[in-house]
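Engineer: Take a look at the following structure, please.
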Amino acid sequence: MKFEHQLRYDATPEEVYGMLADASFRERVCEAQHVTTCTVSVDGVDGALSVTVDQKRPSAGIPGFARKFVGDEIHIVQKEEWSGPTDAALDVAIPGKPGHMKGTVTLRADGDGTLQTVSGELKVNIPVVGGKIERLIADLLEEALEKERQVGASWLS
């Protein structure tokens with residue numbers, strides 16, 4: 001399933017990139033999302049930046065048909081490989097489960113602000129219910145990105 005979500009910030013692309021490259025910001029986003037555990041690593045070399053957010057969150061509120069696949073807790077590993085301050089390759093994995101998302105994150109000037117676009121392909125390889133779980137993951141990802149936008153707006157102000 002195709003996924004795309006946009007976040008708008010009242011800041012320059014450079015300021016948004018600086019925020020996204022800050023481990024403290026990523027940790028604050030995890031707190032706002034009420035994750036159980038969160039480990040953030042940010043490493044940069046020669047203008048490239050690697051960001052990994054390894055988190056576990058409760059599966060409360062997830063429908064029963066999906067909970068039997070994920071259990072009581074969902075482990076998510078989000079990796080971003082920034083080739084510069086405006087473009088990143090994105091990989092979101094659910095270790096040990098048959099689901100992932102591969103895509104991109106882009107930052108583009110938008111008037112006096114920045115438009116961040118997260119897009120990619122969600123795939124859950126489970127016969128019969130895979131499509132339903134993909135839609136559920138897309139909804140959860142949109143909620144998580146909205147929390148990130150809220151934390152980001154506060155961070156940048």
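The values are calculated or read from the model by the stated rules, or taken from the named source; none is laboratory data. Given the structure is predicted, the values throughout are model-derived calculations rather than measurements. With ideal geometry, Cβ positions are generated from the backbone for all residues, glycine too; neighbour counts draw on all protein chains shown.
Engineer: Check whether at least one residue in the stretch 66-76 is of a type in the set (Val, Ile, Thr) and part of a loop (DSSP other than H, G, I, E, B), and report yes or no.
Structural biologist: Within the stretch 66-76, none of the residues are of a type in the set (Val, Ile, Thr) and part of a loop (DSSP other than H, G, I, E, B).
Engineer: Same structure, new question: Which numbered condition in (1) touching a strand residue (DSSP E or B) at 6+ places or on another chain (Cβ under 6 Å); (2) modelled with pLDDT of 95 or more; (3) of a type in the set (A, V, I, L, M, F, W, C) is the only one that residue 29 fails?
Structural biologist: (1)
Engineer: Of the residues 110, 46, which single one is over 22 Å from residue 133 (Cα atoms) and modelled with pLDDT under 95?
Structural biologist: Answer to the check: 46.
Engineer: Determine which member of the set 51, 16, 40 is touching a helix residue (DSSP H, G or I) at 6+ places or on another chain (Cβ under 6 Å) and closer than 17 Å to residue 145 by Cβ.
Structural biologist: The unique qualifying residue is 40.
Engineer: In the stretch 80-99, what count of residues is obtained for those that are out of contact with any helix residue (DSSP H, G or I) (no Cβ under 7 Å at 6 or more places or on another chain), in a strand (DSSP E or B) and either buried (at least 17 other Cβ atoms within 10 Å of the Cβ) or free of Cβ contacts under 8 Å to residues at least 24 places away in the same chain (or both)?
Structural biologist: Total satisfying the criteria: 9.
Engineer: Among the residues of the stretch 49-79 satisfying the criterion of being modelled with pLDDT of 95 or more and hydroxyl-bearing (Ser, Thr, Tyr), which is surrounded by the fewest Cβ atoms within 10 Å (Cβ to Cβ)?
Structural biologist: Going through the qualifying residues, I end up with 50.
Engineer: Looking at the stretch 101-157 only, could you name the residues that are assigned to a loop (DSSP other than H, G, I, E, B) and not acidic (Asp, Glu)?
Structural biologist: 111, 125, 126, 127, 128, 129, 157
Engineer: What are the pairs, 6+ residues apart or on separate chains, where a residue within the stretch 49-67 that is closer than 15 Å to residue 132 by Cα has its Cβ under 8 Å from a residue that is at pLDDT 80 or above and assigned to a strand (DSSP E or B)?
Structural biologist: Final answer for the pair search is 62/74.
Every residue, every condition in (1) surrounded by 19 or more Cβ atoms within 10 Å (Cβ to Cβ); (2) farther than 19 Å from residue 156 by Cα; (3) touching a residue at least 40 places away in the same chain (Cβ under 8 Å), yes or no:
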position: 1; (1), (2), (3): no, yes, yes
position: 5; (1), (2), (3): no, yes, yes
position: 8; (1), (2), (3): no, no, yes
position: 13; (1), (2), (3): yes, no, yes
position: 26; (1), (2), (3): yes, no, no
position: 30; (1), (2), (3): yes, no, no
position: 34; (1), (2), (3): no, yes, no
position: 46; (1), (2), (3): no, yes, no
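Engineer: Which condition number does residue 123 fail, the rest of (1) modelled with pLDDT of 90 or more; (2) under 22 Å from residue 33 (Cβ atoms) being met?
Structural biologist: Single failed check for residue 123: (2).
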